[in-house]
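Data block below; observations after.
Every number here is computed from the coordinates shown, using simple stated rules; none is lab data. None of the values given here were measured: they were computed from a predicted structure. Ideal geometry is used to build each Cβ from the backbone, glycine not excepted, and the neighbour counts take in all protein chains shown.
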Amino acid sequence: MAIKPRTIIIFAFLLLAVYAVVKVVSFFWLVVFFNVLLIYINAVFLFAYFEMKPPGSMQHGKLPSVSIVIPNYNGAQTIVQCIESVKGLGYPSKKEIIVVDDGSNDSSGGLLEKMSGIKVIFKRKNEGKAAALNDGIRAAAGELIATIDSDTYPEPDSLVKMVAQFTSADIGAVTGFVRAANARGYIEKIQEVEYLISFGFFQSVLSDINAVFVTPGPMSLFKAGVLKEIGGFDEKNITEDMEIALRLRRHGYRIVTCLEAHIYTQVPSTMKHLFRQRVRWYRGKFFNTVKYRDMLFNPRFGEFGLFTFPFSVMLEWCIVLFVFVFIAGNIESLANFAGLFAAWSSVGGNVSALIPVTLSVSPSIYFYLFGVCFYSVFVYISHNLAGDKISIGKLPEIALFILAYGLFILIVFFVGFYREINSSDYAW
C-alpha cells in the first residue's frame, strides 16, 4: 500500500516535535526524565508484587455449567490435540464443547467430522475469529463460557481452578497463566521467557490491583450473562481479546487471573510469523487505546484508569522518544569515542582501560543497567511463579530477552504505528 499524505504529515510533526523538545530542554534532563519514569513504573510493579494478597477461592456447592467455544481456521495441525486436551479437562459439572470452523480450506473439516463428543458449527465463509466466537456463544447453553484457541492445550485442572475464582458478582472474566507449548528453538524460548513475565509476574500484579486489561485469546473464562450484556466480541477488531477486556472494565466488571491454571499455546517459530503477530498486537493496541481514550486518567476506573492503562501507553512511547533523544544527543560523542577506541587499539593500547571513560558518555548507560537489574528480578520471580527452575541452559535465551528483545519490540512498535496511521491492510 502506498504511503498516504496524512502519514507523512503525522511523522513529520512527531519528528519536529521531538527535535524542538531536544533543542528547548537540556538533553541531560530529558534522559533523566525518561529513565526515571521507566524505573518508577518497574519499581511500582515490583513493590506491588510483594504487597499482593493471596487470591480468594469460591466455595462451591453446585458448580456452574460451562460451554467451551473453540474457533478454528485452517488448524488441522493442532485442532485434534486441542480438542483432546479440552475433553481431558477435569470438571465435575456439565460442560459442552462447541467448535466453530470458520470456513477452513484445509483438512480441518474432515478431522472435526470424525470426532465425537463435540458440537461443530461449519461456516462457509471466513469471517474472522471474533465472529466465530460470537457464533459459538449464541449456540452455548452454559452459565460460563470458556474461549480457547485451536492451538492451545490447557492442563487438566485449569478449568476447575479458573471457575473457583468467580468469588463475587462483579467478576466478569477469569484468565489463566498462558505459557509457550513449543519452546524448542531460540525464537520460541525467548517468547517463553516473555510469556512467563507478561502472563505470570505482570498479570498477577495487575489482577491484585484490579487492573487487568487483556483476556488472553489462548484461554479465558467469562460469565455467559455478562458476555451477552455487553454485546459479545467486536467482529471488526483485530485484537478482540484486549477490546472485550476494556469493554468489561467500562461496564464495571473486574477481571482476575488464576496463576494455578496453566494454559499452553503454540507460539510463532519463525521471525516472520512473530513479527506479523506482534505488529498486529500493537496495531490493535493503538486502535483500542483511541477507542477507549475516555478511560485514560479517569478516576472512575480506579488504579486501572489512573495508573495501569495510561502508563502502559506512556511506557512504550517513552521508550521510543528516549531512543530518538539518545541518538540525537549522543551520536557525535559516540562517533568520537568509536574513533578513540580504533586509534587507541591501533597503537597497541589497552582497550579495557577506556571502559571507565566510555561509561561517562551518557548517564543512560547506568539507567540501562538499572533496567537490566529490574528485569532480571522479574525473570526470577516469574520462574518461581511457574514452578520452574532457571537452569544454566536457559541463561542464553534469558540474556537475549533482557538485552536484545526490546530492540525487536521497538521496531515492531514503529511498524505497527506506521501501518495503523497509514490504514494498511491487516496481515495475520
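Rounded, prolate or oblate: which fits the range 1-137 when a ≥ b ≥ c are the square roots of the eigenvalues of the alpha-carbon gyration tensor, with rounded for a/c under 1.5 and prolate only if a/b beats b/c? Provide the component values of the computation, followed by the final result.
Details: a/c = 4.02, a/b = 1.62, b/c = 2.47.
Oblate, because a/c is 1.5 or more while a/b does not exceed b/c.
Which residues among the range 245-270 fall inside the zone where the amide N is under 13 Å from a point 7 Å beyond the Cα of residue 298, along Cα→Cβ?
Correct set: 246-253.
What's the exposure ranking of 178, 86, going from fewest to most Cβ atoms within 10 Å? Let's see the in-between values first.
On the way: 178 28, 86 22.
Neighbour counts put them in this order, fewest first: 86, 178.
Using the 10 angstrom Cβ neighbour count as an exposure proxy, how do 314, 52 rank, fewest first?
So the residues, fewest neighbours to most, are 52, 314.
What pairs from 129/228; 161/291; 94/123; 161/389 go past 21 Å between their alpha carbons? Could you put the intermediate results ahead of the total?
Numbers: 129/228 17 Å; 161/291 33 Å; 94/123 26 Å; 161/389 23 Å.
Pairs exceeding 21 Å: 161/291; 94/123; 161/389.
Given the convex hull over the Cα atoms of the range 201-304, what projected area results after averaging over all orientations, in nm²?
Values: hull surface 29.7 nm².
Result: a mean projected hull area of 7.4 nm².
Highest mean first, how do 383-393, 163-173 rank when packing is the count of other Cβ atoms within 10 Å averaged over residues? Display every interim value, and only then the final one.
On the way: 383-393: 12.5, 163-173: 18.5.
Descending packing order for the listed peptides: 163-173, 383-393.
What is the packing order of peptides 100-106, 291-297, 231-237, taking the mean over residues of other C-beta atoms within 10 Å and listing the highest first? Don't skip to the answer; put the middle values down first.
Values: 100-106: 19.3, 291-297: 15.0, 231-237: 16.9.
Result, highest mean first: 100-106, 231-237, 291-297.
List the relative contact order of the range 93-211 as a percent without decimals, with contacts defined as Cα pairs under 8 Å and 6+ residues apart. Can you show the working numbers first?
Working: 84 pairs, mean separation 20.3, N = 119.
For the range 93-211, the relative contact order is 17 percent.
Within the range 96-126, list the trypsin sites (Lys or Arg not before Pro) lying in a DSSP loop whose Cβ has at most 13 other Cβ atoms in a 10 Å radius. The partial results should precede the final answer.
Working: sites: 114, 119, 123, 124, 125; in loops: 124, 125.
Sites meeting the loop and neighbour criteria: 124, 125.
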